[in-house]
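The values are calculated or read from the model by the stated rules, or taken from the named source; none is laboratory data. Since we're looking at a predicted model, the values are computed, not measured. Virtual Cβ from ideal backbone geometry, glycine too; neighbours counted across all protein chains shown.
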């Protein structure tokens, strides 16, 4: 894959560093550690999404979900074995290694809830655009005079 040098863009732009960092990360090859645990991202509504991670073997108390500055971080760490346990693992096919998975969230996207069922962690996300930034329709008047407010229209003549 080609490598692009984005350093000239860093020098000539202000405020786009997060975008360029995402482009750098997208071009980097994915390692086995970066692909664990596997996940799905689905759109469940016009402004609703669901992130599903396969976390077989992890309990609710071994998972942590945190959002901070447009980033969603999910961490998983297995509890250490107790000293009294004497069982010996003959074959371990279910991964139990610790992980930390980060997802960049768009502006105004927030986590609304999470649940763990059948070894899958579901995180529900919603995009909530503030009222001031929502599109508005502006009615078109019949003439120039109709578009301007009439200050004395309510006064009795």
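Quick notes on this structure:
- Some residue of region 67-80 being modelled with pLDDT under 70, out of contact with any helix residue (DSSP H, G or I) (no Cβ under 7 Å at 6 or more places or on another chain) and over 21 Å from residue 114 (Cβ atoms): no
- For region 99-128, filtered to residues that are part of a loop (DSSP other than H, G, I, E, B) and surrounded by 12 or more Cβ atoms within 10 Å (Cβ to Cβ), the residue that is nearest to the chain's Cα centre (by Cα) is 105.
- Among (1) at pLDDT below 85; (2) surrounded by 12 or more Cβ atoms within 10 Å (Cβ to Cβ) - the single one residue 35 does not satisfy: (2)
- Region 101-157: number of residues that are in contact with a helix residue (DSSP H, G or I) (Cβ under 7 Å, 6 or more places away or on another chain) and either outside the structural domain of residue 52 (by TED's automatic domain parsing) or modelled with pLDDT of 90 or more (or both): 2
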